[in-house]
Amino acid sequence: MSSAPAISQPAANQTDPDALRLEVALVGAPNCGKTALFNAMTGATQKVGNYSGVTVERKVGIATTAAGRKFSVIDLPGTHSLRARSPDEEVTRDVLLGQRPGERVPDMILAVADATNLRGALRLVGELKKVGLPIVLILNMIDIARHRGLQIDHEALSDDLGIPVVTATAVRRGGLDALWECVDPMLEAGVEPARKSTWQAPSSHDLRVAMREAERLVNAHVIRPPEPDTVSAKIDRVVLNPVAGPLILLAILFTMFQAVFSWATPFMDAIDAAFTELGVLVSDVIPEGLIQSFLVDGVIAGIGSIIVFLPQILFTFFFILLLEDFGYMARAAFLMDRIMGKAGLNGRAFIPLLSSFACAIPGIMAARVIDNKRDRLTTILVAPLMTCSARIPVYTLIIAAFVPNTKVAGLSLQGLVMFGLYGAGVLSVLVVAFVARYLFSREERNAPLMLDLPDYKLPRARNILLGLYQRAKVFLRRAGTVIFWAMVIIWALSTFPTAPEGATDPAINYSFAAMIGKFIAPVLAPLGFNWQISVALVPGMAAREVAVAGLATVYAVSGDGGLINTIAGQWSLATALSLLAWYIFAPQCISTLAVIRREAGSAKWMWVALIYMFALAYLASLLTYQIAVALGAG
Ligand SMILES: Nc1nc2c(ncn2[C@@H]2O[C@H](COP(=O)(O)OP(=O)(O)OP(=O)(O)O)[C@@H](O)[C@H]2O)c(=O)[nH]1
Ligand SMILES: [Mg+2]
């Protein structure tokens, strides 16, 4: 093992705090509040959530102490031991031991502990001390610990451990003063240079010894043991009940889609009206011609057809973030473990798959928490089948055009169909994972799910608003970049060449778009896709929503108003269903494929994903269309 190079601080630079290029790493068990502390120290807005494995990458920020000294802070994935078992834990180990190429070892460790669960944290501190870096121990979540009657003599603990110990409530920025009071003098004096690391992967004997030492520390310095969290236990008795649990999970998801559909509608109508108004305004100001067509049919119709879905995306994530921060998601994983296990998925795949509701990219990255290589690969390959938010525009458009806005037994029919589409995504994940396991290996594995169930916490408005803000930002940025440029290209293709003199058909029929569409259409004709859909699917490879914006442009250029009414008038139900089936499976986003390649470590798996998803999409659409036509929906 490479030993840590000694890095001492240049004493001459003490007058210039900015010159102090000091790096401090946050290390601790999963879900102990490292990222909350990182955000408090640096003003960053990294994702915080009440489950293990939120952070899977190293993130850097700049903190400024009370005395105005600056240093960089590295937020790291949580780990119980430096004996890393999964790729996210390896990140933490490699950073601390200087095993990341081109990166130096940090100068200091801020060990973060969940004060309500000190034993495990102190065991990790035992390991960290061997790394040879100066350590400050932060007892975080001290608010919860005090509430539960826990009293920690942190000064005595500090004397016993031989390192400074402070307490904190990271989510309320509490304890930063004490931390600066502790850190500032250390920086003033110059952080001691690193000693040679003596860390070695602990044997099971070492682990037992370390556990006993942690036990001793707790017995010596925790004055009153915490009362068990009876509230969490009571909630869990109901929520984890084998019969009631899954029903509650289903009811929650069901209510979510119902609410999303009814709450989002007024906002969507308002945005839609605003863009229509804008189009009219621009048509009034700018004379008829190419520029007007570009602005109204290309830019405004295209971008508007996407932005309109923002409320729905935000409402969906409002629920997901609420459940995440409450601490329910780890329970959902626990409940799904049996079903997922039958399908050959690791219980730990739940959170990555759940993250894929936002976008497959963070989902695939979150698969780093899975230690078993094959399980991780399976999760990476099926994650793109989860219903990501880029599918929402496509689904909603088709639902709005073809599913009547009525209630069935008091439930919104449109909400039911959306629920069904999400269900289809989940089902396809399970089926594909099952088949993959059958193909990869038939060995049985019954490893129990090792999952930390966090205590329930009241969701924090800040965490939720932050999550929503970030979703909105990503969505709008895409609308302003990828989608905007795709729109410009689609508009140009749909406009040129212009119709010849005396032409009788709509002008678009003479355009490049029509030529391209008609060239591809024969391949997609058995699926019931017309040439307009075929045109929209191609730029849809850049990002799924582009297909909707593409349809908006293609149809607006054809001269019909109102995309929903147009497709309701021009497509058969069979075509609509077939397009929905296509979107459940098709690999319609290049960035996801790039991330699969990176995370799976080879281009082979990217091709596997691409081919199996296209094959499934084609097959599913073909079956859907042909059956629907046979049943008279053509
Ligand atoms: N009450 C209270 N809650 C806290 C405190 N610090 C963090 N939390 C909550 O604890 C949960 C976990 O916080 P994170 O900052 O995501 O934890 P983490 O250590 O970065 O977790 P991983 O990245 O998964 O290793 C979140 O729900 C936070 O809101 C605290 O001091 N008091
Ligand atoms: Mg974190």
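A few points about this structure:
- Pairs of Cα atoms nearer than 8 Å and 6+ residues apart set the relative contact order; for the chain it is 12 percent.
- Heavy-atom accessible area, probed at 1.4 angstrom with all protein chains present, ranks LYS130, LYS47, LYS457 as LYS130, LYS47, LYS457, highest first.
- Accessible area per residue, Å², segment 482-631 with all protein chains present, probe 1.4 Å: 42 Å²
- Cα-based shape type of segment 23-223, given that a ≥ b ≥ c are square roots of the gyration tensor eigenvalues and the cut on a/c is 1.5: rounded
- Expressed as a whole percent, the accessible area of the chain that falls on carbon and sulfur atoms is 63 (1.4 Å probe).
- Bridge orientation summary for the chain: considering DSSP beta bridges with both residues in this region, about 40 percent are antiparallel.
- Here segment 97-174 and segment 584-605 have alpha carbon centers that stand 38 Å from each other.
- Solvent exposure, largest accessible area first (probe 1.4 Å, DNA, RNA and ligands not counted), of MET141, MET108: MET141, MET108
- Partners of LYS47 within straight-line reach, counting lysines whose Cα lies under 27 Å from its Cα and excluding those fewer than 8 residues away in the same chain: LYS34, LYS59, LYS70, LYS373, LYS457, LYS473.
- With respect to the chain, whose longest principal axis is taken over its alpha-carbon atoms, helix 573-585 is tilted by about 30°.
- Axis of helix 118-129 versus longest Cα principal axis of the chain: the two differ by about 80°, to the nearest ten degrees.
- Distance between the 7 Å Cα→Cβ label points at LEU427 and GLU288: 5.0 nm.
- The distance from the alpha carbon centre of segment 345-362 to that of segment 18-53 is 22 Å, rounded to a whole number.
- Probing with 1.4 Å while keeping every protein chain in the model, the per residue accessible area of segment 23-223 equals 40 Å².
- For segment 398-518, the relative contact order is 10 percent, taking Cα pairs closer than 8 Å that sit 6 or more residues apart in sequence and dividing their mean separation by the residue count.
- Exposure of ARG104 as accessible area (Å², to 10), given a probe of 1.4 Å and all protein chains: 70 Å²
- Positive-end residue of GLY49, ILE163, PRO185, charge dipole of segment 23-223 with Cβ unit charges: GLY49
- Assuming charge only on the beta carbon of Lys and Arg (+1) and of Asp and Glu (-1), the dipole of the chain about its Cα centre is about 1580 debye to the nearest 20.
- Over 44 Å [Cα-Cα, the chain], rounded percent: 30 percent
- Ranked by the mean number of other Cβ atoms within 10 Å of their residues, highest first, the peptides 196-208, 407-419 come out as 407-419, 196-208.
- Of the residues GLU23, GLU213, ranked by 1.4 Å probe accessible area with the largest first, the sequence reads GLU213, GLU23.
- With both residues required to sit in segment 28-172, DSSP beta bridges show an antiparallel share near 40%.
- Ranked packing of 494-507, 264-277, most packed first, by mean Cβ within 10 Å: 264-277, 494-507
- Acute angle (nearest 10 degrees) that the helix 590-600 long axis makes with the longest principal axis of the chain, alpha-carbon atoms: 30 degrees
- Across segment 67-223, the relative contact order, built from alpha-carbon pairs under 8 Å that are at least six residues apart, equals 25 percent.
- The calculated FRET efficiency for the pair THR406 and ILE611, based on their C-beta separation and a Förster distance of 60 Å, comes to about 0.90.
The values are calculated or read from the model by the stated rules, or taken from the named source; none is laboratory data. Everything numeric in this text was worked out from a predicted model, so none of it was measured. Glycine gets a Cβ as well: all are built from the backbone with ideal geometry, and neighbour counts include every protein chain shown. These accessible areas exclude ligands, DNA and RNA; they are computed on the full protein's heavy atoms, side chains included. Shrake-Rupley method; radii C 1.70, N 1.55, O 1.52, S 1.80 Å.
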